[in-house]
Amino acid sequence: MGQLQYWLAVVFVVGWTGVICGGLAVQFGDHEYPCPLCMVQRVFMALAALGAAVIVRKGTTGAVAARDYAMGWGLAVVACVAGGFTSWRQTMLHILPGDRGYGEPVLGLHLYVWAWILFVAAIATVGAVLSFSHSTAARTIPATPHRLVGLIALWFLGLVLAINLVMIFLLEGFHWFLPDDPNRYQLFYDLHILS
């Protein structure tokens with residue numbers, strides 16, 4: 001029970017990274033290009049994962065101080081609140097009767113609605129775990145398998161964030177802003193690879 005917060009941080013890192021992977025899968029598999037609000041939601045997902053990554057990174061050294069837990073969860077909650085507001089905003093843009101929404105639904109809901117649900121669930125989960133922090137926040141983290149799993153989670157996050165950065169550069173090209181309704185990878189057109 002004492003290492004619950006460390007394992008929750010690992011799940012947070014892997015979970016948010018997996019959600020970003022899901023967005024990339026829809027983007028590449030269904031050729032649905034993310035709009036600017038979708039990209040902002042991905043940024044907040046990445047920031048939530050990075051907040052938890054603070055805890056995981058400290059855990060790989062073998063010791064996590066109370067301030068590390070507080071800072072990591074604080075950053076994650078702030079990112080989830082901002083991401084929840086962003087996904088709520090996009091949901092409200094498409095709530096009128098007859099509006100088909102942006103992109104195709106997945107399991108009956110659009111991705112921005114799923115994002116809102118996940119952000120709210122993440123905030124509730126962190127709040128519940130922090131309510132019992134006196135018994136869930138271990139100061140020392142064993143070497144195996146804890147630290148190894150934590151390192152794998154951090155590398156997974158780093159790889160997906162790098163892929164996402166390359167993808168947004170391909171999508172936006174040499175322009176300051178992403179179009180409201182992107183329909184191509186603009187960099188290839190800017191470089192005259194495609195016309």
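The values are calculated or read from the model by the stated rules, or taken from the named source; none is laboratory data. Keep in mind it's a predicted model, so treat the numbers as computed, not measured. Glycine also receives a Cβ, built like all others from the backbone with ideal geometry; neighbour counts cover every protein chain displayed. These accessible areas exclude ligands, DNA and RNA; they are computed on the full protein's heavy atoms, side chains included. Shrake-Rupley method; radii C 1.70, N 1.55, O 1.52, S 1.80 Å.
Odds and ends about this structure:
- Here the accessible area of segment 28-72 is 67 percent carbon and sulfur, with a 1.4 angstrom probe and all protein chains present.
- When the surface is traced with a 1.4 Å probe over the full set of protein chains, residue 175 keeps roughly 90 Å² accessible.
- Protein-only accessible surface order, largest first, of 106, 10 at 1.4 Å: 106, 10
- Angle of helix 111-131 to the longest C-alpha principal axis of the chain, folded into 0 to 90 degrees and rounded to 10: 10°.
- Going by accessible surface with a 1.4 Å probe and the largest first, 169, 188 read 169, 188.
- Whole-number percent relative contact order across segment 43-195, with pairs defined as alpha carbons under 8 Å at least 6 apart: 25 percent
- What the Cα convex hull of the chain gives, in volume per residue, is 132 Å³.
- Helix 66-93 axis versus longest C-alpha principal axis of the chain: approximately 30°, rounded to the nearest ten.
- Residue 85 sits with roughly 120 Å² accessible to a 1.4 Å probe, with DNA, RNA and ligands left out of the calculation.
- FRET efficiency, 1/(1 + (r/R0)^6) with R0 25 Å, evaluated for residue 30 and residue 193 via beta carbons: 0.65
- The slack in the chain from residue 109 to residue 134, taken as 0.36 nm per residue of separation less the alpha-carbon distance, amounts to 5.2 nm.
- Mean ellipticity per residue at 222 nm, deg cm²/dmol - from DSSP H runs of n ≥ 4 across the chain, formula -39500 (n - 2.57): -23500 deg cm²/dmol
- Applying 1/(1 + (r/R0)^6) with r as the Cβ-Cβ distance of residue 4 and residue 151 and R0 = 25 angstrom yields a FRET efficiency of 0.80.
- In this simple spin-label approximation, residue 163 and residue 120 carry label points 7 Å from Cα along the Cα→Cβ vector, and these lie 2.9 nm apart.
- Solvent exposure ordering (accessible area, 1.4 Å, most first) of 187, 151, 161: 151, 161, 187
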